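Inspection log for the structure reproduced underneath, given as structure tokens.
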Amino acid sequence: MRNLPKWLYRLMKQGPQNAYKLGLGPLIGRAILLLTTTGRKSGLKRVTPLQYELIDGAYYLGSARGDKADWYRNILADPYVEIQVGRLRFEGIAEPVADIERITDFLEYRLKQRPRFVGRVMRSAGVPDNPTRDDIKAYAMDSGLVIVRPAGDR
């Protein structure tokens, strides 16, 4: 997943975006949200479907491409974002996380919550079955994490 060409990532975004447009957000919103960032170069709104974990009222977004993902780099330039999860829409403030221990904690949490999918993604990047914390930490070195909280929660 990490080494896919950029054009393929863009193509993969179309399915979830179209599902939301068709009113299927409540169905796919259990696993996928729409993140709207402001393009760091263009200033245009950019929509990216992402998997997420809701932890203590905050939306945790992992980036398998780390800081190379366009949406992640847009957040570094402007942390004010919009989120749509199912029918819920809100403005949020995104906090990029650089601490490898926190990213590793998040990846361990995701692996426990979604072992088949997350395990498959990690295996495709060379992480062994039943990874140790050190295996996950090595994977985390190239990953990114963003925590989005509703703008009113600051």
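Laboratory data are not the source of any read-out in this text; all were calculated from the coordinates shown. Since the model is a prediction, treat every value here as computed from it, not as a measurement. Cβ: placed from backbone, ideal geometry, glycine included. Neighbour counts: every protein chain shown.
Just a few scattered comments:
- Cα centroids of region 79-105 and region 113-154: 15 Å apart.
- Across region 109-114, rounded Karplus estimates of 3J(HN,Hα) from the backbone phi angles (6.51 cos²θ - 1.76 cosθ + 1.60, θ = phi - 60°) give 4, 4, 5, 6, 6, 9 Hz, Gly and Pro being marked x.
- Counted by neighbouring Cβ atoms within 10 Å, the residues GLU108, GLU101 run from fewest to most as GLU101, GLU108.
- Computed label-point distance, nm, for sites ARG40 and GLU53 using a 7 Å Cα→Cβ extension: 2.5
- Cα-projected label distance for ASP78 with ALA138, points at 7 Å along beta-carbon direction, nm: 4.0
- Computed 3J(HN,Hα) for region 83-90, one whole-Hz value per residue from the Karplus formula 6.51 cos²θ - 1.76 cosθ + 1.60 where θ = phi - 60°, is 10, 10, 10, x, 8, 7, 10, 7, glycine and proline marked x.
- Relative pair counts by distance (%), Cα atoms of region 32-125, 5 Å bins: 3, 12, 23, 25, 20, 12, 5, 1
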